[in-house]
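The values are calculated or read from the model by the stated rules, or taken from the named source; none is laboratory data. Computed from a predicted model, the values in this text were never measured in an experiment. Here the Cβ positions follow ideal geometry from the backbone for every residue, glycine too, while neighbour counts run over all protein chains shown. In case anyone asks, the SASA skips ligands and DNA or RNA and just uses the protein heavy atoms, side chains included. Shrake-Rupley method; radii C 1.70, N 1.55, O 1.52, S 1.80 Å.
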Amino acid sequence: MSLLPFQRRIANTVALVIFTFISMGGCVTPKPAGESQTQTPIAAPTHNSMVHTKGLQIVDGNNKPIKLRGVLLEGWLMWNGPLWGAGLTSETKIASRLEEMAGKANAEKFRTAVYDNFITEKDIEMIAELGLNVVRVPFNHTILEDENPLGNYSARGWKYIDNLLDWCERHKVYVVLDFHSVPGGQGAFVSDPELINVWHTPKYQQRTVEIWGAIAKRYANRKIIAGYDLINEPDPPKGENLVDLHRRIIQEIRKVDPLHMIILEGSQFSSDFSMYTSPLDANQVYSFHSYNFFTNDTDQANLLKLANIAKAHNVPLWNGEFGAHNAKWIKEEVALYESPQYHVNGWIFWPWKRVSENSERFRDLAAIRPSEEWKQLALSIADLFGPNKKITQEMAIKAMNGFIESLKGENLVIDEEIKQILTTGWNDESSYEPIDTSNEETHVNLEITTEPLDSVTVNYETKQLLYLHNSPGACIDKEGEIFEYCKRESGNLVLHKTQTINHNLWVSKGGVQKIQYKLEPTRDDLSVDLTSEIRSSDGDLKSFIKITCQFGSICKAETSEKVTLAKGTYYLVNSSAKANEKWMGPMGISGKISIESSIERINK
């Protein structure tokens, strides 16, 4: 039977332990870091028309903040057995088994058919229709190499990347190029056809650098590329090995491409970033991956550590992979990534499509439903003892042809619940449970001011108020230091002791211009800053509201820019709080704003 995702991680760990044991005998001779990490990073250009970084944010070519939310196109330019229902098998093993069962010529025809059909413009169209705006594209080094020099760009993979960029430009979906398997291999799980040799083999390191140089030269002017993900899930013997190789790649890229964003991953399946003591480039992102194959716990604890590293380095944080879990966990992870506390600039769901395991434990977005013939063939591919001798060449060819049909975009089966979580979860209110405030006094005033005209009627309904991230709450002491966990009765709880909140809503011809809060902090040494979003009923972000409240004074509150709202219903969502410049997390201020036509004349 095919291995489940958690089983592949166990197998990966076993392989890693074996390799490490062998390496301890002196086989690993890491290339020493040529330069200190304290070296000044390559300076960013004064103007960048590409997606790039600005402090803790990713911004587009117009310097507007953008969250890159999308899916991983794995199983296409790098094959992966679990995505095909073929267990823990590498691309090389899949190809070898297919040759045994179907013959070399037929196996090669199948390879071309996979490249031609696994991802097409139909897939990109479907992804765009979901409202997602980026695809992360894993590729194997073998698809960009042949017997010719890299600069000839004659290997077959280049045309597929070219086509993808054209499709994504038409559908306005950004692309992250993800080097999923580098020459020599960077990790036990993701490497193909090698294992973990890049770290102690200079020729493989140099080849990795050269391939990135060729990529950067070919695509330096393609604005649809959001960034270059240099090495997927690296597993170096020491952190300095990763830093050194990353620095060499960046230097090669910057010779021909000064603009594209650099994406750096950490070790331990891209969860450990302790090897980075400072940025390596002035236009870089830290990309982490989140999986949990054994429990239902979220990645919150590690995410807080990563957010602190990113903040200390003034570098944006981005989730490059998450998934392979149940719907509740996926929803909770999305809520974490959308929380302003962690400054996560988007996320990538793993994967876009795969052969479904039909399991509540491992939910899919888009399921491939293969034939029974393919299921039998996939089991034979994964079999530790070799292909099933009962499978004839004719049977194998029929199974392969059927699989190609089943993986096409028009034949995918979308999981509506996962689709809902991924495409609307970040427009909804925080999924954290609010603290009960039923016994606290909450007073709301609403003022409407318009120009003399046949105007509008505004109904503003407030919902549950005043809660903090990670119930039972967060505490803050006199110096503004946050204690992550504390009981409500322990004192100094920031927002629960607030007694009065006033909402003032100004309305002009065409709609809302700004919203003002009046919040009365309970301590004279406390400054509270709030942020909320105004979104339309279909989830479009219309504006941000930023509010600053000092003890004993009326809060200052303005929308981030003048906003006009037409007739309709709008929602005040994703509220968050800071106290004395410290993030306190999501806050339970939310509301619904209904704007309707009215014959009533409301004077200024």
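Of note:
- Exceedance of the 24 Å cut-off in Cα-Cα distance is limited, within the set Lys353/Lys389; Lys54/Lys311; Lys109/Lys159, to Lys353/Lys389.
- Inter-probe distance in nm under a simple model that places probes 7 Å from Cα toward Cβ, at Asn358 and Ile414: 2.3 nm
- Taken about its Cα centre, the range 207-251 carries a charge dipole of about 360 debye when Lys and Arg each add +1 at the Cβ and Asp and Glu each add -1 at the Cβ.
- The range 103-156 and the range 345-368 have Cα centres separated by 20 Å.
- Sorted largest first, extent of the range 255-373 alpha carbons per principal axis (Å): 51, 36, 24
- Once both labels are positioned 7 Å from their Cα atoms along Cα-to-Cβ, the gap between Ser49 and Glu125 label points is 2.9 nm.
- Reciprocal of mean inverse Cα separation for the range 130-202 (Kirkwood radius, Å): 13.8 Å
- Geometric extent, Cα atoms of the range 50-97 - Rg, Dmax (angstrom): 17.8, 50
- Cα-based radius of gyration for the range 238-313, normalised by 2.2 N^0.38 Å, reads 1.22.
- Hydrodynamic estimate: the Kirkwood radius of the range 76-201 over Cα pairs, inserted into Stokes-Einstein at 4 °C and 1.567 mPa s, corresponds to D of 82 µm²/s.
- Maximal additional length on extending the Glu169-Lys109 stretch stands at 18.7 nm, based on 0.36 nm per residue less the C-alpha distance.
- Annotation: extensible slack from Lys328 through Glu147 equals 60.3 nm (criterion: 0.36 nm per residue apart, minus Cα-Cα distance).
- Restricting the range 292-394 to chymotrypsin sites (Phe, Trp or Tyr not before Pro) that sit in a DSSP loop and have at most 12 other Cβ atoms within 10 Å of their own Cβ leaves Phe294, Phe385.
- The range 381-413-the range 169-208 distance, computed between alpha-carbon centres (Å): 27 Å
- The range 176-334 gives an Rg/Rh value of 0.97, both radii derived from C-alpha positions and Rh following Kirkwood.
- Surface composition of the range 67-106: carbon and sulfur atoms hold 50% of the protein heavy-atom accessible area at a 1.4 Å probe.
- The range 292-363, accessible surface, carbon-and-sulfur percent (1.4 angstrom probe): 51 percent
- Extension gain, Phe293 back to Lys375 (0.36 nm per residue minus Cα-Cα distance, nm): 27.1 nm
- Between Leu304 and Lys255, the simple label model (points 7 Å from Cα in the Cβ direction) yields a spacing of 4.5 nm.
- A viscosity of 1.002 mPa s and a temperature of 20 °C, combined with the Kirkwood radius over Cα pairs in Stokes-Einstein, give a translational diffusion coefficient for the range 115-162 of 172 µm²/s.
- With the largest listed first and rounded to whole Å, the semi-axes of the equivalent ellipsoid of the range 309-406 from the Cα gyration tensor are 40, 14, 12.
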